[in-house]
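Presented below is the structure to which this report refers.
The values are calculated or read from the model by the stated rules, or taken from the named source; none is laboratory data. Predicted, not measured: the structure shown is a model, and the values here were computed from it. Here the Cβ positions follow ideal geometry from the backbone for every residue, glycine too, while neighbour counts run over all protein chains shown. SASA here: full protein model, heavy atoms, side chains in, ligands and nucleic acids out. Shrake-Rupley method; radii C 1.70, N 1.55, O 1.52, S 1.80 Å.
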Amino acid sequence: MPTAPDGVSGTRFGAQDRASLYGVLQERRDMRHFVPGQTVPDAVLARVLHAAHCAPSVGLMQPWRLIRVRDAALREGIAQLVEQERLATAAAMQERSAEFLALKVEGVRDCAELLVAVLAPDDGTLFGRRTMPRDMALCSAACAVQNLWLAARAENLGLGWVSLFEPAALGQLLQLPEGAQAIAVLCLGPVPAFYPKPMLELQDWRHGRPLEEMVATDRWPG
């Protein structure tokens, strides 16, 4: 592909590239159903991890760490933590408790690869985050997860973000250093099929709002 003028390096993308990208964005789903007993080829895993590593970060701080969970006992321990929080969440739902318990909310035991995204201890970066230090670290780490998610979808792999866990308890399991915090359990692997719409919409739990409700000009809509 041609590069940008004036000696500036940078690929210029065409209509087919754009269509592919927008297609991946539209087809990305938070997956909970996985095909048990499958694997992700090493080369594919390397590509999606590299995609995560390409994410932008405030002040180039790169505050994310990804832990690949391969020990079966550790995976089971994580599954138990998720189950504990699932039950606690259901109790807090009150009138929607039974409805929530009927939802499938994770695939920790079934997915081919289990990753944990961790917010690293603060390295003192000031550039771009003086007024919002933790917020900008979390936003940067979320960018890495999103990159991983989109790359997985492009590889026809499902990925599900599980947030049902107590961070301190998961930190103990993973022996995280002081100041680090697990922010996502990521289930990755082959799936029976991709949901045609977000699963929470399919289950009539909640429905997404249209773009026009999310964009305003000059001030908060009111």
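Quick look at the values:
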item	result
All positions within region 63-102 that are farther than 30 Å from F127 by Cα, within 20 Å of the chain's Cα centre (by Cα) and assigned to a loop (DSSP other than H, G, I, E, B)	R70
Neighbours by Cβ (under 8 Å, 6+ apart or cross-chain): first from region 10-22, of a type in the set (V, I, T); second open to solvent by less than 100 Å² (accessible area, probe 1.4 Å)	T11/T3
Test: residue in region 101-115 that is more than 25 Å from L173 (Cα to Cα), surrounded by fewer than 19 Cβ atoms within 10 Å (Cβ to Cβ), of a type in the set (G, A, S) and modelled with pLDDT of 95 or more	yes
Test: residue in region 78-98 that is touching a strand residue (DSSP E or B) at 6+ places or on another chain (Cβ under 7 Å) and among the charged types (D, E, K, R)	no
Residue match in region 155-165 (condition: assigned to a loop (DSSP other than H, G, I, E, B), closer than 25 Å to P198 by Cα, open to solvent by less than 50 Å² (accessible area, probe 1.4 Å) and of a type in the set (F, W, Y))	yes
Of residues in region 22-36 being within 15 Å of the chain's Cα centre (by Cα) and assigned to a loop (DSSP other than H, G, I, E, B), the one farthest from M199 (Cα to Cα)	R28
